[in-house]
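The values are calculated or read from the model by the stated rules, or taken from the named source; none is laboratory data. Predicted model only: the values in this text are computed from it and were never measured. Cβ atoms come from the backbone with ideal geometry, glycine included; neighbour counts cover every protein chain shown.
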Amino acid sequence: MKEKEIQDELTSIRSLMERSSKFLSLSGLSGILAGIYALIGAGAAYNLLNYDIPDFWYNGKYSFVGNLEIIALLSIAIAVLVASLVTGFILSYRKAKLKGQPIWSAASRALLFNMAVPLITGGLLLLILIFRGYYGIICPLSLVFYGLSLVNAGNFTFGEVRYLGILEILLGLIAACLPGYGLLFWAIGFGVLHIIYGSVMYFKYDR
């Protein structure tokens, strides 16, 4: 009996240490909604570009896209990003409040920092490539850098985030080997995978 009490005490200490070192208020529903936003954005981009040929953007530097289309595509991507971030913050804040956990803590700061470094680096690199006309590699690189940010963030939150990151990286590498299908892989990575991930997280942690 005494040994069981000791084991229970160790389990409680371990759980307390995990809660203090990891941000556990991520909302699975926000992942689902982010995936839906991404699919809507991909659909808007598809209609904008009249995506009839599989070799669109295939040759890397030169493409059939004009400046107006690039501005429109960037606007769609920014809208998807902002909607996902706002939704994620609101739902995570609500979850943290319900569980009596702080939304701003050492764990959440570490999570944001480790996500931000590869995301900002990748974002700046993508902007440089866009201004230089290398459009064909944008979708694959966005998936790879996003995956790297998730792998980093997985050390400070649920382990499932790390697995999502690995899948995003693999998808980005495959997309780089199949030029012309960037929009399709972007929709799968940011849309379908997010919906699957969010569903798993929702039924595992949010209910």
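With the checklist (1) under 21 Å from L125 (Cβ atoms); (2) modelled with pLDDT under 95; (3) assigned to a helix (DSSP H, G or I) in hand, flag the one item I169 doesn't pass.
(2)
List the helices (runs of 4 or more DSSP H) that sit entirely inside segment 1-117 and contain at least 3 residues that are of a type in the set (D, E, K, R), more than 20 Å from H194 (Cα to Cα) and at pLDDT below 75.
Those helices (runs of 4 or more DSSP H) span 2-21.
Pairs please, first residue from segment 104-132 and of a type in the set (A, V, I, L, M, F, W, C), second anywhere and modelled with pLDDT under 85 and exposed (fewer than 12 other Cβ atoms within 10 Å of the Cβ), Cβ atoms under 9 Å, 6+ apart in sequence or on different chains.
As it stands, the answer is A106/S20; A107/S20, since those pairs meet every condition given.
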